[in-house]
1. On the basis of being touching a strand residue (DSSP E or B) at 6+ places or on another chain (Cβ under 7 Å), at pLDDT 95 or above and among the hydroxyl-bearing types (S, T, Y), does Y431 make the cut?
2. Taking the condition under 30 Å from D270 (Cβ atoms), crowded, with 16+ Cβ neighbours inside 10 Å and touching a Ser or Thr at 6+ places or on another chain (Cβ under 8 Å), does H215 pass?
3. Which residues, counting only those in the range 267-281, are part of a helix (DSSP H, G or I) and either touching a helix residue (DSSP H, G or I) at 6+ places or on another chain (Cβ under 8 Å) or of a type in the set (F, W, Y) (or both)?
4. Tell me whether the range 84-96 contains one or more residues that are assigned to a helix (DSSP H, G or I), over 28 Å from the mean Cα position of the chain (by Cα) and loosely packed, with under 13 Cβ neighbours inside 10 Å.
5. For the range 322-354, enumerate the residues that are more than 30 Å from N425 (Cβ to Cβ) and touching a Phe, Trp or Tyr at 6+ places or on another chain (Cβ under 8 Å).
6. Somewhere in the range 68-83, is a residue basic (K, R), outside the structural domain of E458 (by TED's automatic domain parsing) and modelled with pLDDT under 80?
7. S259: surrounded by fewer than 14 Cβ atoms within 10 Å (Cβ to Cβ), more than 30 Å from L141 (Cα to Cα) and either without any contact (Cβ under 8 Å) to a residue 24 or more places away in the chain or assigned by TED's automatic domain parsing to the domain that holds M288 (or both), yes or no?
8. Could you list, in sequence order, all residues of the range 267-291 that are buried (at least 18 other Cβ atoms within 10 Å of the Cβ) and touching a residue at least 40 places away in the same chain (Cβ under 8 Å)?
Amino acid sequence: MKKQVLSIAILFCCLTIVAQSKKELFSVNKKPVSVSEFKRVYEKNLGLVVDEDSKNIDKYLDLYINYKLKVNEAYSLGLDTVRAYKRELEGYKKQLIAPYLQDQESINKMVKEAYSRIKNEVKASHILVRLPKKATSADTLKAYNKIIEIRNRVVSGESFAKVAREMSEDPSAQFNGGNLGYFSAFKMVYPFEDNAYKTDLQGVSNPFKTRFGYHILKVTGKRESKGEFEVAHILARDRSIVGKAKIDSLYKKIKKGESFEEIAQKYSEDVGTAQLGGKLPKFGTGKMVEDFEVNVLALKKINEVSKPFKTKFGWHIVKLLKTYPINSFDNMKVTIEKKVKSSDRLRVSQKAVLDKLKKEYDISIYDKNFEIFTNKSIKELSKMQLTHDNLLSINNKKIKQKAFFDYIRYRRKEDIGLLFEGFKNEEIFNYFKEDLVNKEPEYKHTLTEYKEGLLLFELMQQKIWKKSANDSIGLQRFFNKTKGNYKQKKLEDIKGEVISDYQKKLEDDWIKDLRKNNVIRIRKRELKKLKQIYNQ
């Protein structure tokens, strides 16, 4: 019984709050402004009001009514139909909507996953079969069959490097056998990285697709990341025995106690770093050629110097100057999340949002009306009038055949099934964006404020700012009438101050006209309640 009474009390409380939120405080030409809207704006701006007198409810209500009168005037003048306004508003809406198209749960998982992969590096070789930018289903099938045949050769025992040199469509495979060296999170496109980390050591992945085409990869190494390094090096470019003799003689000098930095300045053939004592910019995995990286990793102590070693650039000696270990998760979380949101990982988050919407929405496909797209060519479709028949519905929104035709008309070679799936997903997101004002009050309020702010800026330009700047006769007349308010008696000496006062006069006169020409009704009972709350 107690539970039932409590439930009724909670329900009554909720209904009371809803009822209050819908109560009208005032109206302009019968267009109502609710108590809740006024309270939200008043409380939001309370901290920004410097003048204590303006915090008074009556004063603030006057200001808000003036604001609504201006907005109403902007709409009546059609300022919301101006192309520049529409373009700027669309740009802002995209920014405002972006967070709602992300699934925070997915992002949190990917942030943790990325941190784990930053701490643990993987080494892989790959073979690529490219796909055309606008691949047809035939192109896709051909590429897939080819990568399957390649994989069969590798798993049957052929050398991965040999097959890569013969079959890979990545040009670098000709000289590296497909070897990409070690890498960690954010170094490769996400599907490639994901498959590399999920494949066992010495294992060969199943075929997978990226924007470049179909791949297989073989994982040849896994290790804990050492972070980043700061080193100095000395280079002898000649890779023959002559270069070896030179680097050995320099190494002997260092072992005898001569300064590494001075030897680098005198003898290093890396012109860019010699004058810096051989110092290189800070780097991590994948930034240097593998032979260089391996020798740096072998150095365990600061100021330790390597033995001479060879890379494709020549002979080197390296000195370890500083190490930068991987930071803690808490210190890196914000940076990693930014990277996740600006990388192709975001598609995983957006797909999670799309999957939720597909479960939430009532989506229907009109199969009979879709058949025409599978039976006729674009050329034939373009001669038909595809305007009336529904192709797709999302809740109460109907999408016509013509919308899909417009979507596909310049994509003639692409698979119709894949095109329709892409179209459907796009329409689901469009519906979600359009419906957001009904689902997310904060989004609605922010968008409304921005809309009205843009309109008021243009309105003030037309009615006040341009007029005060261009109306020299009106400005002079105003100055002559109010000359006693100024110490200086020449307009030129105080023009900025006079223009500001003239703008205020123009605005005051304009507001008087707006109040005279519009019907304003204030609900005194609701105003009294607000005064009791705020005018303490």
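The values are calculated or read from the model by the stated rules, or taken from the named source; none is laboratory data. The structure presented is a predicted model; accordingly, all values stated were derived computationally and were not measured. Please note: Cβ atoms are built from the backbone with ideal geometry, for glycine as well, and neighbour counts cover all protein chains shown.
1. Working: touching a strand residue (DSSP E or B) at 6+ places or on another chain (Cβ under 7 Å): yes; at pLDDT 95 or above: yes; among the hydroxyl-bearing types (S, T, Y): yes.
For Y431, the condition - touching a strand residue (DSSP E or B) at 6+ places or on another chain (Cβ under 7 Å), at pLDDT 95 or above and among the hydroxyl-bearing types (S, T, Y) - is met.
2. Working: under 30 Å from D270 (Cβ atoms): no; crowded, with 16+ Cβ neighbours inside 10 Å: yes; touching a Ser or Thr at 6+ places or on another chain (Cβ under 8 Å): yes.
So H215 does not fit the description; no.
3. Residues satisfying the conditions are Y267, T273, A274.
4. Looking only at the range 84-96, we keep the residues that are assigned to a helix (DSSP H, G or I), and these are 84-96.
Pick out the ones that are also over 28 Å from the mean Cα position of the chain (by Cα) and you get none.
Taking every residue of the range 84-96 in turn, none turns out to be assigned to a helix (DSSP H, G or I), over 28 Å from the mean Cα position of the chain (by Cα) and loosely packed, with under 13 Cβ neighbours inside 10 Å.
5. Initial filter on the range 322-354 (more than 30 Å from N425 (Cβ to Cβ)): 322-335.
Within the range 322-354, K322, T323, Y324, F329, M332, K333 meet the criteria.
6. First, pick out the residues of the range 68-83 that are basic (K, R): 68, 70, 83.
Those left that are additionally outside the structural domain of E458 (by TED's automatic domain parsing): 83.
When the remaining residues are screened for being modelled with pLDDT under 80, the result is none.
No, because not a single residue in the range 68-83 is basic (K, R), outside the structural domain of E458 (by TED's automatic domain parsing) and modelled with pLDDT under 80.
7. yes
8. T273, G277, G278, L280, G284, T285
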